[in-house]
Amino acid sequence: MRPAFRDSDWRGYEAVNRKFAAAIIAEARRDPVVLVQDYHLALTPRLIRHRKPGATIVLFWHIPWPNAEAFGVCPWKCQILEHMLSADILGFHTRHHCQNFLATADRYLECQIDHEQMTATYQGHICRVVPYPISIEWPPRQLASR
């Protein structure tokens, strides 16, 4: 089943992202380190970057990234990708999700992808795309070896 896309929902999404970015900018000093969590705030990295160009911005995406074809049905795909690529580090749970993201960016934007380094360069800005596994090893190795 194809999802429904409504302009009013997109405008609300943009407004929420602008509010979060404004709050971060108001609190931030010179060159902050900012961690943006999840798909709710995909536009926030670029909004922060415009006002705080020296910020270090990390965006972690908590849900799987689909393949390029699936993401391609979104009418705002390019805007979402552009905003996400304003982060310095973009994290996903698995390498497969990272590869899906890089393939999506490569397909829909004029950007340079380096699959070996796991980076995307868009409008001169380099975004490193990194897997951060979701599980916690238990018991920790030091306890397991006793």
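Taking GLY54 and the conditions (1) closer than 23 Å to ASP106 by Cα; (2) open to solvent by less than 50 Å² (accessible area, probe 1.4 Å); (3) in contact with an Asp or Glu (Cβ under 6 Å, 6 or more places away or on another chain), which numbered condition does it fall short on, given that it satisfies the others? GLY54 satisfies all of (1) closer than 23 Å to ASP106 by Cα; (2) open to solvent by less than 50 Å² (accessible area, probe 1.4 Å); (3) in contact with an Asp or Glu (Cβ under 6 Å, 6 or more places away or on another chain) except (1). The set of residues in segment 104-122 that are within 14 Å of the chain's Cα centre (by Cα) and not in a strand (DSSP E or B) comprises THR104, ALA105, MET118. The residues in segment 119-132 that are loosely packed, with under 14 Cβ neighbours inside 10 Å and aromatic (Phe, Trp, Tyr) can be counted, and the count is 1.
Kindly establish whether LEU81 is buried (at least 20 other Cβ atoms within 10 Å of the Cβ), assigned to a helix (DSSP H, G or I) and either modelled with pLDDT of 95 or more or more than 14 Å from the chain's Cα centre (by Cα) (or both).
yes
Checking segment 57-78 against the condition returns a match, with at least one residue being loosely packed, with under 13 Cβ neighbours inside 10 Å, touching a residue at least 60 places away in the same chain (Cβ under 8 Å) and of a type outside the set (Lys, Arg). I need the full set of residues from segment 84-118 which are open to solvent by less than 20 Å² (accessible area, probe 1.4 Å) and of a type in the set (S, T, N, Q), in order please. The answer is SER86, THR104.
If you go through segment 10-21 and keep only what is free of Cβ contacts under 8 Å to residues at least 24 places away in the same chain and either open to solvent by less than 80 Å² (accessible area, probe 1.4 Å) or closer than 14 Å to ILE48 by Cα (or both), you end up with GLY12, ALA15, LYS19.
The values are calculated or read from the model by the stated rules, or taken from the named source; none is laboratory data. The model shown is predicted, which means the values in this text are computed figures rather than measured ones. So basically every Cβ, Gly included, is an ideal-geometry build from the backbone, and we count neighbours across all protein chains shown. Protein only, heavy atoms only, side chains kept; ligands, DNA and RNA dropped before computing areas. Shrake-Rupley method; radii C 1.70, N 1.55, O 1.52, S 1.80 Å.
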